[in-house]
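Structure first, then comments.
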Amino acid sequence: MKKTIMTTLLLVSLLLIIGCGGAGINGRAPHAYDGVKVMVAEAKAGIEKIEIEAFNTKMESDDMFILLDIRERHEYDEGNIAGSVNISRGLLEFKIADEAFWDDEGMFAPEKDEEIIVYGQKIDRGAMAAETLVKLGYNKVKYLYGGWTVWEHGPDALEVEEEVVVEEGCGA
């Protein structure tokens, strides 16, 4: 009798696990995007950006904030904004609240209500990282519009890059 009850419980548990396999987070199906551009656009729409002029003013002020460079380590090593902390985009979720990581940086882990400004190479990674931080409960997050490119080369750097035309067809 005990064996039959245990087998039944095991089968019911297995069916519940299999039946909920595609349920996603909190019983919701995972959000599917038509492409990365749509995903980035959604992130940008929900996150506050800071333009380079306002960022420069903030850098010259006495305002306290955490500046995160979410590029890969080799990108950071080639040049970065002074005072920034490097956490690559792929490790952000794991290191942002990791006390040992912040101890190694000589800092405290950010509190949920501290201002955080995130930057990547240009726009997309910074916006995605900022959205991730908001999803983790950080409520004063912005991304630097244009990222490292605009910091290093000025606001016109993005316009030049956006003018590049990709030719298609037989002659390309």
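The values are calculated or read from the model by the stated rules, or taken from the named source; none is laboratory data. Remember, it's a predicted structure, so these values are computed and weren't measured experimentally. Every residue, glycine as well, gets a Cβ built from its backbone with ideal geometry; the counts of neighbours run over all protein chains shown.
I need the full set of residues from the range 116-125 which are surrounded by 24 or more Cβ atoms within 10 Å (Cβ to Cβ) and under 12 Å from Thr149 (Cα atoms), in order please.
Selection gives Tyr119, Gly120.
How many residues does the range 114-141 contain that are assigned to a helix (DSSP H, G or I), of a type in the set (A, V, I, L, M, F, W, C) and under 19 Å from Arg73 (Cβ atoms)? Write out each step before concluding.
From the range 114-141, those assigned to a helix (DSSP H, G or I) are 124-135; that's our starting set.
Pick out the ones that are also of a type in the set (A, V, I, L, M, F, W, C) and you get 127-130, 133-134.
Restricting the remaining residues to those that are under 19 Å from Arg73 (Cβ atoms) gives 128-129.
Count: 2.
Among the residues of the range 56-71, what is the count of those that are more than 22 Å from Lys112 (Cβ to Cβ) and crowded, with 17+ Cβ neighbours inside 10 Å?
1
For every residue, the table says whether it meets (1) in contact with a Leu (Cβ under 9 Å, 6 or more places away or on another chain); (2) modelled with pLDDT under 95; (3) more than 23 Å from Lys44 (Cα to Cα).
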| site | (1), (2), (3) |
| --- | --- |
| Leu91 | no, no, no |
| Met107 | no, no, yes |
| Glu115 | no, no, no |
| Gly126 | yes, yes, no |
| Glu131 | no, yes, no |
| Asp156 | no, yes, no |
| Glu159 | no, yes, no |
| Val165 | no, yes, yes |
